[in-house]
Amino acid sequence: QVALLDIDICGPSIPKMMGLEGEQVHQSGSGWSPVYVEENLGVMSVGFLLSSPDDAVIWRGPKKNGLIKQFLRDVDWGEVDYLIVDTPPGTSDEHLSIVQYLSATHIDGAVIITTPQEVSLQDVRKEINFCQKVKLPIIGVVENMSGFICPKCKNESQIFPPTTGGAEKMCQNLNVCLLGKVPLDPQIGKSCDKGQSFLSEAPESPATSSYRNIIQRIQEYCDQRHSHEEKII
Amino acid sequence: LLSFLPERSNLAGVRHILLVLSGKGGVGKSTISTELALSLRRSGKKVGILDVDLCGPSIPRMFRVQGSDVHQCDSGWVPVFVDQEKSISLMSIGFLLEKPDDAVVWRGPKKNALIKQFVADVAWGDLDFLIVDTPPGTSDEHISTVEALRPYKPLGAILVTTPQAVSVGDVRRELTFCKKTGLQVLGIVENMSGFVCPHCSECTNIFSKGGGEELAKHAGVPFLGCVPLDPQLSQSLEEGRDFIQEFPKSSAFPALASIAQQILDGTSQRSS
(Lines give C-alpha, C1' and ligand atoms only; values in the text may rest on other atoms or scores of the structure.)
Protein backbone atom coordinates (compact mmCIF):
# COMPACT_ATOMS: atom_id res chain seq x y z
CA GLN A 1 0.00 0.00 0.00
CA VAL A 2 1.74 3.15 -1.23
CA ALA A 3 1.07 6.84 -0.67
CA LEU A 4 2.72 9.49 -2.85
CA LEU A 5 2.73 12.99 -1.38
CA ASP A 6 3.79 15.84 -3.66
CA ILE A 7 4.99 18.81 -1.60
CA ASP A 8 6.26 20.80 -4.58
CA ILE A 9 3.68 23.53 -4.06
CA CYS A 10 4.81 25.81 -6.90
CA GLY A 11 5.51 23.13 -9.46
CA PRO A 12 3.31 20.09 -8.78
CA SER A 13 4.25 17.54 -11.44
CA ILE A 14 2.95 14.35 -9.84
CA PRO A 15 -0.71 14.53 -11.01
CA LYS A 16 0.30 14.68 -14.67
CA MET A 17 2.92 11.93 -14.28
CA MET A 18 0.38 9.66 -12.65
CA GLY A 19 -2.28 10.28 -15.32
CA LEU A 20 -4.45 12.09 -12.77
CA GLU A 21 -4.63 15.56 -14.30
CA GLY A 22 -7.98 17.21 -13.72
CA GLU A 23 -8.84 15.07 -10.70
CA GLN A 24 -10.16 16.82 -7.63
CA VAL A 25 -9.79 16.07 -3.94
CA HIS A 26 -12.91 14.88 -2.11
CA GLN A 27 -13.66 15.53 1.54
CA SER A 28 -15.24 13.00 3.84
CA GLY A 29 -15.87 12.68 7.54
CA SER A 30 -12.38 11.32 8.04
CA GLY A 31 -10.64 14.09 6.10
CA TRP A 32 -9.32 14.60 2.56
CA SER A 33 -9.36 11.58 0.35
CA PRO A 34 -6.21 10.88 -1.65
CA VAL A 35 -6.68 10.39 -5.38
CA TYR A 36 -6.13 6.75 -6.25
CA VAL A 37 -4.20 5.56 -9.31
CA GLU A 38 -4.75 1.98 -8.25
CA GLU A 39 -6.34 0.55 -5.14
CA ASN A 40 -2.94 0.41 -3.51
CA LEU A 41 -1.48 3.71 -4.79
CA GLY A 42 -2.94 6.97 -3.47
CA VAL A 43 -1.67 10.43 -4.38
CA MET A 44 -1.96 13.92 -2.90
CA SER A 45 -0.76 17.15 -4.51
CA VAL A 46 -1.65 20.83 -4.58
CA GLY A 47 -2.24 20.16 -8.27
CA PHE A 48 -5.59 18.60 -7.35
CA LEU A 49 -6.65 21.78 -5.58
CA LEU A 50 -6.09 24.07 -8.57
CA SER A 51 -8.93 24.65 -11.00
CA SER A 52 -6.87 25.51 -14.10
CA PRO A 53 -3.47 24.43 -15.45
CA ASP A 54 -2.55 28.12 -15.58
CA ASP A 55 -3.22 28.70 -11.87
CA ALA A 56 -0.04 29.76 -10.10
CA VAL A 57 0.56 29.24 -6.40
CA ILE A 58 2.36 32.46 -5.52
CA TRP A 59 2.87 31.87 -1.81
CA ARG A 60 5.59 32.78 0.63
CA GLY A 61 7.03 30.18 2.98
CA PRO A 62 4.54 30.25 5.88
CA LYS A 63 1.54 29.59 3.64
CA LYS A 64 3.32 26.70 1.94
CA ASN A 65 4.16 25.24 5.35
CA GLY A 66 0.49 25.48 6.35
CA LEU A 67 -0.59 23.41 3.37
CA ILE A 68 2.10 20.80 3.96
CA LYS A 69 0.88 20.45 7.55
CA GLN A 70 -2.67 19.95 6.25
CA PHE A 71 -1.49 17.32 3.78
CA LEU A 72 0.03 15.36 6.64
CA ARG A 73 -2.72 15.92 9.19
CA ASP A 74 -5.94 16.00 7.18
CA VAL A 75 -5.43 13.43 4.44
CA ASP A 76 -6.99 10.08 5.23
CA TRP A 77 -4.21 7.83 3.94
CA GLY A 78 -5.37 4.73 5.80
CA GLU A 79 -2.86 1.96 6.49
CA VAL A 80 0.19 2.55 4.34
CA ASP A 81 3.37 0.53 3.80
CA TYR A 82 5.30 3.34 2.08
CA LEU A 83 4.77 7.10 2.16
CA ILE A 84 6.91 8.68 -0.54
CA VAL A 85 7.33 12.45 -0.38
CA ASP A 86 8.38 14.26 -3.57
CA THR A 87 10.02 17.61 -2.87
CA PRO A 88 10.97 20.71 -4.88
CA PRO A 89 14.66 21.57 -5.37
CA GLY A 90 16.37 23.40 -2.52
CA THR A 91 16.91 23.37 1.23
CA SER A 92 14.22 25.72 2.42
CA ASP A 93 10.74 25.94 3.90
CA GLU A 94 9.27 22.80 2.36
CA HIS A 95 12.25 20.68 3.35
CA LEU A 96 12.51 22.02 6.88
CA SER A 97 8.80 21.71 7.42
CA ILE A 98 8.38 18.16 6.18
CA VAL A 99 11.24 16.96 8.39
CA GLN A 100 9.86 18.88 11.35
CA TYR A 101 6.27 17.72 10.92
CA LEU A 102 7.32 14.10 10.47
CA SER A 103 9.72 14.16 13.43
CA ALA A 104 7.04 12.72 15.74
CA THR A 105 6.97 9.61 13.59
CA HIS A 106 10.06 8.16 11.97
CA ILE A 107 11.49 8.84 8.53
CA ASP A 108 13.40 5.88 7.07
CA GLY A 109 15.51 8.26 5.06
CA ALA A 110 16.02 10.33 1.97
CA VAL A 111 16.84 9.37 -1.59
CA ILE A 112 18.80 12.14 -3.27
CA ILE A 113 18.76 12.60 -7.03
CA THR A 114 21.53 14.18 -9.08
CA THR A 115 22.73 14.35 -12.66
CA PRO A 116 26.41 13.56 -13.37
CA GLN A 117 27.84 17.04 -13.81
CA GLU A 118 29.56 19.15 -11.18
CA VAL A 119 26.98 21.91 -11.60
CA SER A 120 24.43 19.45 -10.20
CA LEU A 121 26.75 17.77 -7.70
CA GLN A 122 27.68 21.08 -6.09
CA ASP A 123 24.03 21.58 -5.14
CA VAL A 124 23.58 17.95 -4.12
CA ARG A 125 26.46 18.19 -1.66
CA LYS A 126 24.45 20.94 -0.01
CA GLU A 127 21.38 18.70 0.05
CA ILE A 128 23.47 15.99 1.73
CA ASN A 129 24.69 18.60 4.20
CA PHE A 130 21.06 19.58 4.86
CA CYS A 131 20.17 15.97 5.65
CA GLN A 132 23.08 15.74 8.06
CA LYS A 133 22.11 19.04 9.73
CA VAL A 134 18.52 17.91 10.35
CA LYS A 135 19.59 14.32 11.17
CA LEU A 136 17.74 12.84 8.22
CA PRO A 137 19.29 9.46 7.31
CA ILE A 138 20.40 9.17 3.69
CA ILE A 139 19.32 5.98 1.99
CA GLY A 140 21.48 6.87 -0.97
CA VAL A 141 22.05 8.88 -4.14
CA VAL A 142 20.70 8.20 -7.63
CA GLU A 143 22.64 9.47 -10.65
CA ASN A 144 19.96 10.31 -13.21
CA MET A 145 20.44 11.16 -16.91
CA SER A 146 23.61 9.10 -16.76
CA GLY A 147 24.63 8.68 -20.38
CA PHE A 148 22.62 8.31 -23.59
CA ILE A 149 22.79 5.48 -26.09
CA CYS A 150 21.92 6.56 -29.61
CA PRO A 151 19.07 4.37 -30.86
CA LYS A 152 20.60 4.37 -34.37
CA CYS A 153 24.33 3.74 -33.95
CA LYS A 154 24.28 2.51 -30.32
CA ASN A 155 27.21 4.74 -29.36
CA GLU A 156 27.08 6.31 -25.91
CA SER A 157 27.24 10.06 -25.33
CA GLN A 158 27.74 11.77 -22.00
CA ILE A 159 25.37 14.66 -22.48
CA PHE A 160 25.87 15.76 -18.88
CA PRO A 161 29.55 14.91 -18.47
CA PRO A 162 30.80 13.71 -15.07
CA THR A 163 33.80 16.05 -15.19
CA THR A 164 34.51 15.63 -11.47
CA GLY A 165 33.81 11.91 -11.24
CA GLY A 166 30.02 12.02 -11.15
CA ALA A 167 27.88 10.78 -8.29
CA GLU A 168 30.20 7.82 -7.80
CA LYS A 169 33.15 9.96 -6.74
CA MET A 170 30.96 12.27 -4.64
CA CYS A 171 29.42 9.31 -2.81
CA GLN A 172 32.86 7.87 -2.12
CA ASN A 173 34.08 11.20 -0.76
CA LEU A 174 31.05 11.74 1.43
CA ASN A 175 30.63 8.12 2.51
CA VAL A 176 27.12 7.90 1.13
CA CYS A 177 25.61 4.99 -0.80
CA LEU A 178 25.27 5.22 -4.60
CA LEU A 179 21.98 3.43 -5.25
CA GLY A 180 22.42 3.35 -9.01
CA LYS A 181 22.63 5.20 -12.30
CA VAL A 182 19.70 5.74 -14.67
CA PRO A 183 20.48 6.38 -18.35
CA LEU A 184 18.56 8.84 -20.52
CA ASP A 185 15.70 7.22 -22.42
CA PRO A 186 13.26 9.32 -24.47
CA GLN A 187 10.49 6.95 -23.44
CA ILE A 188 10.77 8.12 -19.82
CA GLY A 189 9.75 11.68 -20.62
CA LYS A 190 7.05 10.43 -23.00
CA SER A 191 5.52 8.13 -20.38
CA CYS A 192 5.56 10.87 -17.76
CA ASP A 193 3.91 13.30 -20.14
CA LYS A 194 1.20 10.75 -20.95
CA GLY A 195 0.74 9.79 -17.32
CA GLN A 196 1.67 6.17 -17.94
CA SER A 197 4.01 3.85 -16.10
CA PHE A 198 7.39 3.83 -17.86
CA LEU A 199 8.23 0.51 -16.18
CA SER A 200 5.16 -1.07 -17.83
CA GLU A 201 5.55 0.73 -21.17
CA ALA A 202 9.24 -0.05 -21.66
CA PRO A 203 10.08 -3.21 -19.71
CA GLU A 204 13.14 -3.95 -21.87
CA SER A 205 14.76 -0.54 -21.49
CA PRO A 206 18.12 -0.41 -19.65
CA ALA A 207 16.57 2.44 -17.66
CA THR A 208 13.87 0.05 -16.41
CA SER A 209 16.39 -2.40 -14.99
CA SER A 210 18.26 0.54 -13.42
CA TYR A 211 15.07 1.77 -11.76
CA ARG A 212 14.16 -1.72 -10.56
CA ASN A 213 17.58 -2.30 -9.03
CA ILE A 214 17.46 1.04 -7.25
CA ILE A 215 13.95 0.39 -5.95
CA GLN A 216 14.98 -3.02 -4.69
CA ARG A 217 17.91 -1.52 -2.78
CA ILE A 218 15.61 1.08 -1.22
CA GLN A 219 13.20 -1.65 -0.13
CA GLU A 220 16.04 -3.69 1.34
CA TYR A 221 17.25 -0.65 3.27
CA CYS A 222 13.77 -0.02 4.67
CA ASP A 223 13.26 -3.71 5.54
CA GLN A 224 16.59 -3.76 7.37
CA ARG A 225 15.74 -0.66 9.38
CA HIS A 226 12.32 -2.06 10.19
CA SER A 227 13.62 -5.39 11.48
CA HIS A 228 16.41 -3.59 13.35
CA GLU A 229 13.82 -1.45 15.14
CA GLU A 230 11.71 -4.49 15.94
CA LYS A 231 14.74 -6.16 17.50
CA ILE A 232 15.24 -3.14 19.76
CA ILE A 233 11.61 -3.28 20.89
CA LEU B 1 26.28 55.79 9.23
CA LEU B 2 25.55 58.66 6.82
CA SER B 3 28.78 58.07 4.95
CA PHE B 4 27.54 54.59 4.02
CA LEU B 5 24.40 55.85 2.30
CA PRO B 6 24.90 55.78 -1.48
CA GLU B 7 24.44 59.15 -3.12
CA ARG B 8 22.85 57.49 -6.07
CA SER B 9 20.97 54.18 -6.28
CA ASN B 10 23.23 51.28 -7.17
CA LEU B 11 20.93 50.42 -10.06
CA ALA B 12 20.87 53.94 -11.52
CA GLY B 13 23.61 53.07 -14.02
CA VAL B 14 21.92 49.88 -15.22
CA ARG B 15 20.18 50.38 -18.56
CA HIS B 16 18.16 47.17 -18.80
CA ILE B 17 17.17 44.60 -16.17
CA LEU B 18 15.87 41.22 -17.21
CA LEU B 19 14.92 38.14 -15.21
CA VAL B 20 15.39 34.51 -16.23
CA LEU B 21 12.55 32.42 -14.80
CA SER B 22 11.11 28.93 -14.95
CA GLY B 23 8.43 27.07 -13.08
CA LYS B 24 10.59 23.95 -13.25
CA GLY B 25 13.99 23.04 -11.84
CA GLY B 26 16.87 21.74 -13.91
CA VAL B 27 15.70 23.17 -17.25
CA GLY B 28 18.72 25.43 -17.79
CA LYS B 29 17.96 28.87 -16.36
CA SER B 30 21.53 29.43 -15.16
CA THR B 31 22.87 28.08 -18.46
CA ILE B 32 20.72 30.49 -20.45
CA SER B 33 21.64 33.38 -18.11
CA THR B 34 25.34 32.59 -18.54
CA GLU B 35 25.25 32.17 -22.32
CA LEU B 36 23.12 35.29 -22.73
CA ALA B 37 25.70 37.28 -20.73
CA LEU B 38 28.56 35.88 -22.83
CA SER B 39 26.72 36.65 -26.09
CA LEU B 40 25.89 40.18 -25.02
CA ARG B 41 29.52 40.71 -24.04
CA ARG B 42 30.54 39.53 -27.51
CA SER B 43 28.31 42.29 -28.90
CA GLY B 44 30.27 44.80 -26.85
CA LYS B 45 27.87 45.15 -23.92
CA LYS B 46 28.69 45.40 -20.21
CA VAL B 47 26.68 42.78 -18.32
CA GLY B 48 26.01 41.91 -14.70
CA ILE B 49 24.41 38.73 -13.37
CA LEU B 50 22.58 38.74 -10.05
CA ASP B 51 22.13 35.14 -8.86
CA VAL B 52 19.21 35.00 -6.44
CA ASP B 53 19.18 31.20 -6.18
CA LEU B 54 20.20 31.09 -2.53
CA CYS B 55 19.95 27.30 -2.05
CA GLY B 56 21.64 26.26 -5.29
CA PRO B 57 23.84 29.10 -6.62
CA SER B 58 25.27 27.91 -9.94
CA ILE B 59 26.55 31.12 -11.53
CA PRO B 60 30.04 31.49 -9.94
CA ARG B 61 31.23 28.11 -11.18
CA MET B 62 29.89 28.74 -14.69
CA PHE B 63 32.44 31.58 -14.94
CA ARG B 64 35.23 29.77 -13.08
CA VAL B 65 35.24 32.32 -10.25
CA GLN B 66 33.77 30.12 -7.54
CA GLY B 67 36.52 30.82 -5.01
CA SER B 68 36.30 34.61 -5.20
CA ASP B 69 35.67 36.91 -2.26
CA VAL B 70 33.30 39.84 -2.18
CA HIS B 71 34.72 43.19 -1.10
CA GLN B 72 32.98 46.25 0.22
CA CYS B 73 33.20 49.82 -1.03
CA ASP B 74 31.49 53.07 -0.03
CA SER B 75 28.31 52.30 -1.95
CA GLY B 76 28.04 48.66 -0.91
CA TRP B 77 29.32 45.35 -2.24
CA VAL B 78 31.70 45.17 -5.16
CA PRO B 79 30.55 42.56 -7.67
CA VAL B 80 33.00 39.89 -8.77
CA PHE B 81 34.49 40.56 -12.21
CA VAL B 82 35.12 37.52 -14.41
CA ASP B 83 37.68 39.20 -16.63
CA GLN B 84 40.29 41.95 -16.64
CA GLU B 85 38.16 44.13 -18.92
CA LYS B 86 35.40 44.05 -16.28
CA SER B 87 32.83 43.36 -18.97
CA ILE B 88 30.93 40.76 -16.90
CA SER B 89 30.33 41.11 -13.17
CA LEU B 90 28.53 38.76 -10.81
CA MET B 91 26.90 38.63 -7.42
CA SER B 92 25.84 35.37 -5.79
CA ILE B 93 25.48 33.88 -2.34
CA GLY B 94 28.03 31.39 -3.62
CA PHE B 95 30.74 34.01 -2.97
CA LEU B 96 29.58 34.58 0.60
CA LEU B 97 29.68 30.98 1.84
CA GLU B 98 32.64 30.01 4.00
CA LYS B 99 32.35 26.38 3.02
CA PRO B 100 30.93 25.83 -0.49
CA ASP B 101 29.26 22.53 0.45
CA ASP B 102 27.37 24.07 3.38
CA ALA B 103 23.63 24.13 2.83
CA VAL B 104 21.83 27.46 3.16
CA VAL B 105 18.90 26.26 5.20
CA TRP B 106 16.88 29.44 5.46
CA ARG B 107 13.18 30.02 5.61
CA GLY B 108 11.50 32.71 3.55
CA PRO B 109 12.05 35.83 5.70
CA LYS B 110 15.82 35.38 5.86
CA LYS B 111 15.98 34.75 2.11
CA ASN B 112 13.89 37.87 1.49
CA ALA B 113 16.26 40.01 3.56
CA LEU B 114 19.31 38.94 1.56
CA ILE B 115 17.54 39.42 -1.75
CA LYS B 116 16.61 42.99 -0.77
CA GLN B 117 20.29 43.59 0.02
CA PHE B 118 21.39 42.01 -3.23
CA VAL B 119 19.09 44.28 -5.20
CA ALA B 120 19.98 47.49 -3.34
CA ASP B 121 23.56 47.09 -2.14
CA VAL B 122 25.63 45.80 -5.05
CA ALA B 123 27.69 48.59 -6.63
CA TRP B 124 27.18 47.56 -10.27
CA GLY B 125 28.29 50.87 -11.75
CA ASP B 126 27.31 51.32 -15.38
CA LEU B 127 25.84 48.24 -17.05
CA ASP B 128 24.02 47.71 -20.32
CA PHE B 129 22.23 44.65 -18.94
CA LEU B 130 21.62 43.17 -15.51
CA ILE B 131 20.47 39.56 -15.79
CA VAL B 132 18.73 38.16 -12.70
CA ASP B 133 19.02 34.38 -12.48
CA THR B 134 16.36 32.80 -10.24
CA PRO B 135 15.64 29.42 -8.62
CA PRO B 136 12.63 27.46 -9.90
CA GLY B 137 9.18 28.37 -8.57
CA THR B 138 6.87 31.24 -7.73
CA SER B 139 7.70 31.84 -4.10
CA ASP B 140 9.71 34.01 -1.73
CA GLU B 141 12.70 34.66 -3.96
CA HIS B 142 10.52 35.58 -6.92
CA ILE B 143 8.06 37.75 -5.03
CA SER B 144 10.85 39.60 -3.22
CA THR B 145 13.00 40.07 -6.31
CA VAL B 146 10.14 41.47 -8.39
CA GLU B 147 9.03 43.76 -5.55
CA ALA B 148 12.56 45.07 -4.97
CA LEU B 149 13.15 45.61 -8.71
CA ARG B 150 9.79 47.26 -9.44
CA PRO B 151 11.01 50.88 -8.96
CA TYR B 152 13.72 50.22 -11.55
CA LYS B 153 11.26 49.10 -14.22
CA PRO B 154 12.72 45.77 -15.41
CA LEU B 155 12.60 45.11 -19.14
CA GLY B 156 10.89 41.79 -18.52
CA ALA B 157 11.46 38.07 -18.16
CA ILE B 158 12.75 35.22 -20.27
CA LEU B 159 11.08 31.93 -19.40
CA VAL B 160 12.97 28.67 -19.88
CA THR B 161 11.34 25.29 -20.35
CA THR B 162 12.29 21.89 -21.69
CA PRO B 163 10.01 20.52 -24.41
CA GLN B 164 8.02 18.05 -22.33
CA ALA B 165 4.54 18.59 -20.99
CA VAL B 166 5.66 18.10 -17.40
CA SER B 167 7.99 21.10 -17.71
CA VAL B 168 5.59 23.20 -19.78
CA GLY B 169 2.91 22.54 -17.15
CA ASP B 170 4.98 24.38 -14.55
CA VAL B 171 6.07 27.15 -16.89
CA ARG B 172 2.40 27.97 -17.60
CA ARG B 173 2.15 28.85 -13.93
CA GLU B 174 5.26 31.01 -14.22
CA LEU B 175 3.52 32.91 -17.04
CA THR B 176 0.63 33.57 -14.65
CA PHE B 177 3.15 34.83 -12.10
CA CYS B 178 4.46 37.30 -14.67
CA LYS B 179 0.94 38.46 -15.52
CA LYS B 180 -0.01 38.92 -11.87
CA THR B 181 3.17 40.82 -11.01
CA GLY B 182 3.14 43.01 -14.12
CA LEU B 183 6.36 41.54 -15.51
CA GLN B 184 6.50 41.59 -19.31
CA VAL B 185 7.37 38.26 -20.93
CA LEU B 186 10.20 38.86 -23.40
CA GLY B 187 9.86 35.30 -24.64
CA ILE B 188 10.09 31.56 -24.03
CA VAL B 189 13.19 29.44 -24.67
CA GLU B 190 12.76 25.73 -25.35
CA ASN B 191 15.97 24.26 -23.92
CA MET B 192 17.32 20.69 -24.23
CA SER B 193 15.33 20.51 -27.46
CA GLY B 194 16.70 17.54 -29.34
CA PHE B 195 20.07 15.83 -29.34
CA VAL B 196 22.18 15.22 -32.42
CA CYS B 197 24.39 12.18 -31.98
CA PRO B 198 28.02 13.26 -32.55
CA HIS B 199 28.79 9.82 -33.99
CA CYS B 200 26.05 9.38 -36.60
CA SER B 201 24.15 12.73 -36.62
CA GLU B 202 20.84 11.05 -35.80
CA CYS B 203 18.57 13.47 -33.94
CA THR B 204 16.72 12.09 -30.91
CA ASN B 205 14.14 14.13 -29.02
CA ILE B 206 15.18 12.91 -25.59
CA PHE B 207 12.88 15.30 -23.76
CA SER B 208 10.26 15.42 -26.51
CA LYS B 209 9.91 18.44 -28.85
CA GLY B 210 7.80 21.50 -29.44
CA GLY B 211 6.22 22.06 -26.04
CA GLY B 212 7.90 25.41 -25.50
CA GLU B 213 6.96 26.70 -28.93
CA GLU B 214 3.35 25.58 -28.48
CA LEU B 215 3.17 27.28 -25.11
CA ALA B 216 4.47 30.55 -26.57
CA LYS B 217 1.84 30.39 -29.30
CA HIS B 218 -0.94 29.50 -26.85
CA ALA B 219 0.05 32.28 -24.45
CA GLY B 220 0.66 34.89 -27.15
CA VAL B 221 4.27 35.56 -26.15
CA PRO B 222 7.38 35.60 -28.37
CA PHE B 223 9.16 32.30 -28.97
CA LEU B 224 12.91 32.88 -28.70
CA GLY B 225 13.97 29.52 -30.10
CA CYS B 226 14.98 25.92 -29.45
CA VAL B 227 18.38 25.21 -27.89
CA PRO B 228 19.53 21.61 -28.51
CA LEU B 229 21.32 19.39 -26.00
CA ASP B 230 25.01 19.94 -26.65
CA PRO B 231 27.66 18.03 -24.68
CA GLN B 232 30.20 20.75 -25.59
CA LEU B 233 27.94 23.32 -23.92
CA SER B 234 27.65 21.18 -20.77
CA GLN B 235 31.41 20.66 -20.75
CA SER B 236 32.01 24.37 -21.26
CA LEU B 237 29.82 25.25 -18.28
CA GLU B 238 31.57 22.66 -16.14
CA GLU B 239 34.90 24.30 -16.86
CA GLY B 240 33.68 27.89 -16.68
CA ARG B 241 34.73 28.57 -20.26
CA ASP B 242 33.36 31.07 -22.77
CA PHE B 243 31.25 28.79 -24.99
CA ILE B 244 30.25 31.69 -27.26
CA GLN B 245 33.86 32.63 -27.93
CA GLU B 246 35.35 29.14 -28.12
CA PHE B 247 32.68 26.96 -29.74
CA PRO B 248 30.95 28.98 -32.47
CA LYS B 249 30.51 25.80 -34.57
CA SER B 250 28.85 23.80 -31.82
CA SER B 251 25.20 22.81 -32.19
CA ALA B 252 23.83 25.08 -29.45
CA PHE B 253 25.65 28.21 -30.67
CA PRO B 254 23.22 29.47 -33.34
CA ALA B 255 20.22 29.30 -31.01
CA LEU B 256 22.04 30.97 -28.12
CA ALA B 257 23.39 33.75 -30.35
CA SER B 258 19.90 34.26 -31.77
CA ILE B 259 18.35 34.66 -28.31
CA ALA B 260 20.84 37.40 -27.47
CA GLN B 261 20.21 39.11 -30.82
CA GLN B 262 16.46 39.11 -30.24
CA ILE B 263 16.97 40.69 -26.81
CA LEU B 264 19.24 43.35 -28.36
CA ASP B 265 16.77 44.02 -31.17
CA GLY B 266 14.02 44.36 -28.58
CA THR B 267 15.94 46.95 -26.59
CA SER B 268 16.93 49.03 -29.62
CA GLN B 269 13.28 49.01 -30.75
CA ARG B 270 12.31 50.15 -27.27
CA SER B 271 14.69 53.13 -27.28
CA SER B 272 13.63 54.27 -30.75
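The values are calculated or read from the model by the stated rules, or taken from the named source; none is laboratory data. All values derive from a computational prediction rather than experimental measurement. Every residue, glycine as well, gets a Cβ built from its backbone with ideal geometry; the counts of neighbours run over all protein chains shown. Side chains are part of the model used for accessible areas, which takes the heavy atoms of the whole protein and leaves out ligands, DNA and RNA. Shrake-Rupley method; radii C 1.70, N 1.55, O 1.52, S 1.80 Å.
Structure notes:
- Cysteines not pairable in chain A (beta carbon separation under 4.7 Å absent): A:Cys10, A:Cys131, A:Cys171, A:Cys177, A:Cys192, A:Cys222
- Among beta bridges identified by DSSP and lying wholly in segment B:14-269, the antiparallel ones come to about 20 percent.
- Reduced Cα scattering model of segment B:14-269, Debye log10 I(q)/I(0), q = 0.15, 0.17 Å⁻¹: -1.07, -1.40
- Computed from label points 7 Å out along Cα-Cβ, the spacing between A:Glu79 and A:Ser28 is 1.6 nm.
- Shape call, segment A:49-182: gyration tensor on alpha carbons, a/c limit 1.5: prolate
- Pairs beyond 29 Å (Cα-Cα), from B:Lys45/B:Lys180; A:Lys16/A:Lys133; B:Lys24/B:Lys116; A:Lys169/B:Lys24; B:Lys110/B:Lys153: B:Lys45/B:Lys180; A:Lys16/A:Lys133
- Whether the protein assembly as shown is rounded, prolate or oblate, judged on the alpha carbon gyration tensor where a/c under 1.5 counts as rounded: prolate
- Taking the Cα centre of segment A:76-160 as reference, the dipole from Cβ charges on Lys and Arg (+1) and Asp and Glu (-1) amounts to some 440 debye.
- For chain A, share of DSSP beta bridges that run antiparallel, in % to the nearest 5: 30 percent
- Chain A: relative contact order in percent, alpha carbon pairs under 8 Å with at least 6 residues between: 18 percent
- For segment A:26-111: rounded, prolate or oblate by the Cα gyration tensor [a/c cutoff 1.5]: oblate
- Protein-protein interface of segment B:165-179, residues with accessible area decrease of at least 30 Å², isolated chain reference, 1.4 Å probe: B:Ala165, B:Val166, B:Asp170, B:Arg172, B:Arg173, B:Thr176
- Label point at B:Arg15 placed 7 Å out along Cα→Cβ; residues across segment B:28-56 whose backbone nitrogen lies under 20 Å: B:33-50
- Solvent-accessible area lost on pairing A with B (1.4 Å probe, both sides summed) amounts to about 4700 Å².
- 20 °C / 1.002 mPa s Stokes-Einstein diffusion coefficient of chain A, Kirkwood radius on C-alpha pairs, µm²/s: 111 µm²/s
- Fraction of accessible area attributable to carbon and sulfur, the protein assembly as shown (%, probe 1.4 Å): 49 percent
- Counting DSSP beta bridges with both ends in the protein assembly as shown, the antiparallel % (nearest 5): 25 percent
- Net +/- balance of residues flanking A:Val43 in space, Cβ distance below 12 Å, scoring K and R +1, D and E -1: -4
- Å² of accessible area per residue within segment B:14-269, as computed with a 1.4 Å probe and no ligands counted: 37 Å²
- Aspartates and glutamates whose Cα lies under 13 Å from that of B:Lys209, excluding same-chain neighbours fewer than 8 positions away: A:Asp193, B:Glu190
- When +1 charges are put on Lys and Arg Cβ atoms and -1 charges on Asp and Glu Cβ atoms, the dipole computed for chain B relative to its Cα centre reaches about 740 debye.
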